Amino acid sequence: MTDIAQLADNILDKAAKKSRGNKRLRMVKSGGETFDPTGKRVIRHDPGQLPEILDQLGLALAENCDNLFSYTGRLVRIYPAPESASASGGVHRPRGALVVHPVDGAHLTELATVAAVHERFDARSEGYKACDCPRRVADAYLARGHWPELRPLTGFIEAPTVTLAGRLIQTPGYDIETGLFLAGDNPPGWAAPPLKPSFEQAKAALNILLDMVGSFPFVSTADQAAVVAGIITGLVRRTIPAAPLMGITAPTAGTGKTLIAETVAIIATGRRASVLSLGHDEAEAEKRLAGVFLAGDAVIALDNIERPLRGDLLCQVTTQQFVRLRPLGSSAMVSIPTHSLLVATGNNLSILGDLKRRVVLVRLDSGEERPEQRTFSRDHLEDVFARRGELVRAALTVSLSYLAAGAPTIEGLHPYGGFSEWDRMVRRPLVWLGLPDPLGAAEGLRQQDPDLETMSVLLNSWRETFGSATKTAAEVCVAAAQGSHMNDAYDYPDLRDALQLACKERITASRLGYWLRAHRDRIVGGMQLRQDGTDGHSKVTRWIVLNCG
């Protein structure tokens, strides 16, 4: 051994003896930060140093915990849902389904112990000894509530996707620009599409998707276009702020509604959809939806819906990027991202209120009494699993091609308010390639909406009875009651029938006033209900029906 090598060994021996209890070799970098030979930070838990300790702990976690993120004001990790939780909170997840899991103090203690070398002073040996990260330190770090040193998570994806700028995300791991984490490897059969696919390449890709769903008994080609739109939406949902709900309806069970929902989920995630039961009331539905959105499920199936779908909550989660909800088992409101695709299925699915314009509808009709007895030449879902990589590539090619062409304007296609990014990434590429508007089938929802029907009947009868005169709710009720009660020979029978629909059979001025306030300024059938000042004496609101045609 040379003299220089011997001298180096002596220096290292002295350094090791000086640390006594800690036998690790440490090297000091600039700024006073200490690391062990493996590159881990050495954190000494000295009294009075808690802020500095927490700063060092945050840096250690950022350097050594690849699966730890800041998400909706919480620290989280991504891993498969435990089997015990697969059917909890009204949601049933398939085995292996990935979820965003919150990190509590006990779990963070474990992660922190692995991420750094922790030491505390030992008075007996008059030196520092290795220890676990103290629980109080982990709790204090969690209590900060803001962790700029950690990577912010937008969401996780399980297949390649495309950003609004046309950039392909296909490398597993964390994408800095979007905050998305691509979990796992790319699906078998995946090959990256061209960065700027031609129209012909996009057309060929579209034909692959159409062939995959060609055996379903669609009512029209607009319904087939809606299914392809759902497939593309499932892949790009994390990159767009809002997307409509996908509704699948048929007159008879066994037609293939759930099969289409599973197809969309398998292409997006590699497994069947997570199935959510909304419960019996709005409050329960809110908590259950909060749970699945917090968990980050990519495709959520509301399967076999038997009651009408409506309400502010579903409208909000389809059009807003974030909503404030109260998760199940919690009393606190949290801000939750809504970037999951909702797929509702049901026999003669009923969608009411403002939710109608937030739906891409798929109609199926086999024309058979027992459609479940049909036979097919192939197992559809097995085919989807086997060709998943090819189908992902085809779906992304459609969007990429339209973006590469400069997102050309399509004459005669009206904008889709509230869903401009979805319109650009999903709807317009399909119409550009020659398919019907995927929103076409949903136009029939307006004709099936009993609220719109009631409004149309009432405005027509109001106009026929009062013309352009202004009336209070009480005056309208009085007019409807005029005539003989004995033989139902009312002076204005059409008006009375319309008021019974609006007031739920019992006609009162208060019920009618509430209905009028809820429907004011809306235009139906070329007529508009307007508020026209108040009665000079009683200050009661007066109403008028205007002809806007």
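If R0 is taken as 25 Å, the Cβ-Cβ distance between Glu284 and Asp104 corresponds to a FRET efficiency of 0.50.
Label reach from Leu164 (point 7 Å along Cα→C-beta): in the stretch 222-251, amide nitrogens under 16 Å belong to 236-244. The amide H of Asn186, built 1.01 Å from its N in the peptide plane, has no neighbour under 5 Å, considering only residues 5 or more places off or on other chains. Using only side-chain charges placed at the Cβ, +1 for Lys and Arg and -1 for Asp and Glu, the dipole size of the stretch 93-164 relative to its Cα centre rounds to 180 debye. Full extension of the segment from Arg530 to Ser420, taken as 0.36 nm per residue of separation minus the current Cα-Cα distance, would add 36.6 nm. The candidates Ile266, Ile523, arranged from most to least accessible area with a 1.4 Å probe in the full protein assembly, appear as Ile523, Ile266. Evaluated with a Cβ-only charge set (Lys, Arg +1; Asp, Glu -1), the chain carries a dipole of roughly 1260 debye about its Cα centre, given to the nearest 20. Against the main long axis of the alpha-carbon atoms of the chain, helix 257-269 sits at an angle near 30°. With both labels modelled 7 Å from their Cα along Cα-to-Cβ, the Met333 to Asn67 distance reads 3.5 nm. Magnitude of the charge dipole for the stretch 408-458, about its Cα centre and with charges confined to Cβ atoms of Lys, Arg (+1) and Asp, Glu (-1), is about 220 debye. Which residues in the stretch 50-71 place their backbone N less than 11 Å from a point set 7 Å from the Cα of Asp132 along the Cα-to-Cβ direction? Of the residues in the stretch 50-71, none has backbone N under 11 Å from the label point off Asp132. With both labels modelled 7 Å from their Cα along Cα-to-Cβ, the Asp312 to Asp36 distance reads 5.4 nm.
Rounded to 0.05, the FRET efficiency of the Glu368 and Leu210 pair, given R0 = 25 Å and the Cβ-Cβ distance, is 0.65. Could you tell me whether the chain comes out rounded, prolate or oblate from its Cα gyration tensor? Rule is a ≥ b ≥ c as square roots of the eigenvalues, rounded for a/c under 1.5, then prolate if a/b exceeds b/c, otherwise oblate. Judged from the Cα gyration tensor, the chain comes out prolate (a/c at least 1.5, a/b above b/c).
With respect to the chain, whose longest principal axis is taken over its alpha-carbon atoms, helix 282-295 is tilted by about 40°. Phi angles across the stretch 33-43 convert, under the Karplus curve 6.51 cos²θ - 1.76 cosθ + 1.60 with θ = phi - 60°, into 3J(HN,Hα) values of 6, 10, 10, 8, x, 7, x, 7, 5, 9, 10 Hz, Gly and Pro given as x. The packing ranking of peptides 250-262, 490-502, highest mean first, is 250-262, 490-502, where packing means the average number of other beta carbon atoms within 10 angstrom of each residue.
Listed values for the stretch 95-110 are Karplus-derived 3J(HN,Hα) couplings in whole Hz (6.51 cos²θ - 1.76 cosθ + 1.60, θ = phi - 60°), namely 4, x, 5, 7, 9, 8, 10, x, 9, 9, x, 5, 5, 5, 4, 5, and x replaces Gly and Pro.
May I ask which of Lys287/Lys356; Lys203/Lys257; Lys196/Lys356; Lys287/Lys539 have a Cα-Cα span longer than 30 Å here? Violating the 30 Å Cα-Cα cut-off are Lys196/Lys356; Lys287/Lys539. Once the Cα atoms are used to define both axes, helix 50-64 deviates from the longest principal axis of the chain by about 80 degrees.
The values are calculated or read from the model by the stated rules, or taken from the named source; none is laboratory data. Everything numeric in this text was worked out from a predicted model, so none of it was measured. Using ideal geometry, Cβ is built from the backbone for each residue, glycine included, and neighbour counts are taken over all protein chains shown. In case anyone asks, the SASA skips ligands and DNA or RNA and just uses the protein heavy atoms, side chains included. Shrake-Rupley method; radii C 1.70, N 1.55, O 1.52, S 1.80 Å.
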